[in-house]
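K.L.:
Before I ask anything, let me first share the structure, which is written out below as structure tokens.
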Amino acid sequence: MLRPLLLATLVVVVVLALILSAIDPHDRTTWLLEVMPAALLLPALMYSHRRFPLSSLLYLLLGVMALGLIAGGHYSFARVPLGFWLQEWLDLSRNPYDRLGHVLQGVIPALLAREWLIRGARVRGRHLLPFLCVCVAMMVSSVYELVEWAAALALGQGAEAFLGMQGDEWDTQADMFCALLGAVAAMTLLVPVHDRSLAALDEPRPARCKPTGERLAE
């Protein structure tokens, strides 16, 4: 089975990235705040993969998100080298790395909600399902922004690197808009891929052996 192998590989890669990111980060407090979701995600996925295994697509996206958070924690989101490369290539006024993270913050919760609703047969109607999934993604985005606000109040100037505003007074609204774009993209562009990944979960099981008495009666 490829899915357990994929999960094990992602766990090893993320753990190694966590260890490496802890070596001389730009700001220790920012590092701790940014990598905490990834550190909590690992045991949660390992605990739930037997009772409710996710599709390979979601495991892969969660792994990418965890690595993105770890990189942002090590450098701070405003200083990630990939973001500087994109800033120069696209001729932007700021490092866009955190915006990419918020796009994923829309994609992943939307697909998680879709997978849970489909597998539990909890929603009927082709239009209601994507609407609810986008709503879940926006709820997650709004809660994250509230967490950032709480961090800013608690840490004061020490939260600047964690917030990653880069002087943009509309940073919160822009982040939530990026999450909305990610959720809508997930419900349109990624649905066929997600459906195939969901179908792979329904693997054929070996036929149940008949009890000895039944075999003898035949």
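K.L.:
Can we say Gly106 is closer than 30 Å to Pro4 by Cβ, surrounded by 23 or more Cβ atoms within 10 Å (Cβ to Cβ) and touching a helix residue (DSSP H, G or I) at 6+ places or on another chain (Cβ under 6 Å)?
P.N.:
So Gly106 fits the description; yes.
K.L.:
Now a separate question. Of these, Ala137, Ala44, Ala39, Ala151, which one is within 14 Å of the chain's Cα centre (by Cα) and either under 18 Å from Leu189 (Cβ atoms) or touching a residue at least 60 places away in the same chain (Cβ under 8 Å) (or both)?
P.N.:
Ala137
K.L.:
If Gln87 satisfies all but one of (1) surrounded by fewer than 16 Cβ atoms within 10 Å (Cβ to Cβ); (2) in contact with a helix residue (DSSP H, G or I) (Cβ under 9 Å, 6 or more places away or on another chain); (3) under 27 Å from Leu112 (Cα atoms), what's the number of the condition it fails?
P.N.:
Of (1) surrounded by fewer than 16 Cβ atoms within 10 Å (Cβ to Cβ); (2) in contact with a helix residue (DSSP H, G or I) (Cβ under 9 Å, 6 or more places away or on another chain); (3) under 27 Å from Leu112 (Cα atoms), only one is false for Gln87: (3).
K.L.:
Looking at Leu54, Leu58, Leu69 in this structure, which one is surrounded by 16 or more Cβ atoms within 10 Å (Cβ to Cβ), touching an Asp or Glu at 6+ places or on another chain (Cβ under 7 Å) and not in a helix (DSSP H, G or I)?
P.N.:
Criteria check complete, one pass: Leu54.
Here is a yes/no grid of residues against (1) over 24 Å from Glu148 (Cα atoms); (2) at pLDDT 90 or above:
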site	(1), (2)
Leu20	yes, yes
Ile23	yes, yes
Leu42	no, no
Tyr47	yes, no
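K.L.:
Here is a list of conditions, (1) touching a helix residue (DSSP H, G or I) at 6+ places or on another chain (Cβ under 8 Å); (2) farther than 24 Å from Ser21 by Cα; (3) modelled with pLDDT of 95 or more; (4) hydrophobic (A, V, I, L, M, F, W, C), and Cys135 meets all of them except one; can you say which number that is?
P.N.:
With (1) touching a helix residue (DSSP H, G or I) at 6+ places or on another chain (Cβ under 8 Å); (2) farther than 24 Å from Ser21 by Cα; (3) modelled with pLDDT of 95 or more; (4) hydrophobic (A, V, I, L, M, F, W, C) applied to Cys135, the lone miss is (1).
The values are calculated or read from the model by the stated rules, or taken from the named source; none is laboratory data. Note that the coordinates shown come from a computational prediction; the quantities given were computed from them, not determined experimentally. Here the Cβ is made from the backbone with ideal geometry for all residues, glycine too, and neighbour counts use every protein chain on show.
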